[in-house]
Structures are given as C-alpha cells and as structure tokens.
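Structure first, commentary second.
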Amino acid sequence: MARRLRVSSAGVSEHLIQRGNNRQATFACEEDMQAYVGWLKTYSKKYKVSVHAWVLMTNHVHILCTPSSNDGISQMMQSLGRMYVMYFNRSYKRTGTLWEGRFKSCLVQEETYLMQVYRYIEMNPVRASMVDEPADYFWSSYQCNALGKKSDLLTPHSIYTRLGRNEQERQLAYRGLFAHQIEGKLLEDIRQATNK
C-alpha cells in the first residue's frame, strides 16, 4: 500500500506527533530528553523551521511549528529521528525501530485553532495526570510561553505575539487560556486531525 502524500507548505503551521513503536517509552531519563531537545534545536535551525510549542512525554512528542520551505519539516524530523534513534539504541543496547512509523502531522488553521493547539500540546502532562499544572512540567514550552523562561528553541508565532503589547501582557493573556482543560468536540477534533 502506498504511503499517503504528506502536505506541507512554507509558512503554514503544523502540529506534529511522533509516538513510540507499540507505545513503548522513547525517553527513559532526563538525559534522553536533553539529547532530543538539543537535536531538535539543531535541526529546526538548520532547516529553518520555527518551533512555537512542544512537549516531550514518556512515549511520544508533540511539536507545533512553521516551516520556511515545503520540505523543511520532513528534513528536520528525518535528521532528528536518525540521530535520536542511534543515540537511544546505543545508550540502551537495543536494535530496531523506536518510532511508530513516520511522524503524523496536520496543517493548523491559524486564526481558528492555533492557540488551541498550543493549549492541547502544553496540557498533555496535565491530561496524563503527570502534574497538576502545566507550569510544573519541565519538558514542554509552557514555562517559556506563559512564564517567560528563555529558550533557543522557541520562536513565538505572530498570533501569540498579538496576545499583548509586551512580554508581560502576552504571558498573562496566555496563562488565562489555560484556566480550563480542552474538552469535548475540540479535543476530539484535534486528535482526529493529527491521526489522519
């Protein structure tokens, strides 16, 4: 069966998900997450992909990003995956695949869904009952977007920057978006879009 054609356009934001094969752990310790983030920084810069939000869970990854070229995201994820799988297999004396096939992606309608996807990604650890508040989870972009923590990986989206006239106003407005969980139809719509 032929693989589905992946649609990616320069300047159009995408929500990416990559899961561990058979839902197995892809990060066994903090050093693994540091290594992954390091390569994500390297390859997002190399292939000119702006990363707006991310979360590393124990067995999967979510990334919200915007490429500067049609093939930027595919090149970034291919290079990142190659380096991380070699590192992981060498570290844990294993062989074979780590990821469940190719990463999944969907284009994001900026005006309608972009900020909802930010929330969806950064609320993952709360939905998984790993933490009570998104600020308590270190391996996501929430501390950057909501609290002003500096990161070489983060590039604020223009819609994020419209939340306020300065960093403090933007961060306050952003934190306000997290007063409630994403539930019901919106949650299901986001999940269905990325799984197709």
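Numerical summary
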{"quantity": "Residue-normalised accessible area of region 102-149, expressed per residue, 1.4 Å probe, Å²", "calculated": "43"}
{"quantity": "Calculated P(r) tail over 21 Å for the chain, as whole % of Cα pairs", "calculated": "50"}
{"quantity": "Student exercise, the chain dipole from Lys, Arg, Asp, Glu Cβ charges, in Debye to nearest 20", "calculated": "740"}
{"quantity": "Surface share of carbon and sulfur [accessible, 1.4 angstrom probe, percent] for the chain", "calculated": "50"}
{"quantity": "Sequence-separation-based contact order of region 1-107, relative, with Cα cut under 8 Å and 6+ spacing, percent", "calculated": "41"}
{"quantity": "Accessible surface of R162 - all protein chains present, 1.4 Å probe, nearest 10 Å²", "calculated": "150"}
{"quantity": "Contact order relative to length of the chain, as percent, for alpha carbon pairs under 8 angstrom and 6 or more apart", "calculated": "26"}
{"quantity": "On Cα atoms only, tilt of 167-176 relative to the major axis of the chain in degrees", "calculated": "80"}
{"quantity": "Check: region 50-157 dipole with +1 on Lys, Arg Cβ and -1 on Asp, Glu Cβ, in debye", "calculated": "560"}
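The values are calculated or read from the model by the stated rules, or taken from the named source; none is laboratory data. Since the structure is predicted, the reported quantities are computational estimates derived from the model, not experimental observations. Positions of Cβ are backbone-derived with ideal geometry, glycine not excepted, and every protein chain shown enters the neighbour counts. The area values use the complete protein model at the heavy-atom level, side chains included, leaving out ligands, DNA and RNA. Shrake-Rupley method; radii C 1.70, N 1.55, O 1.52, S 1.80 Å.
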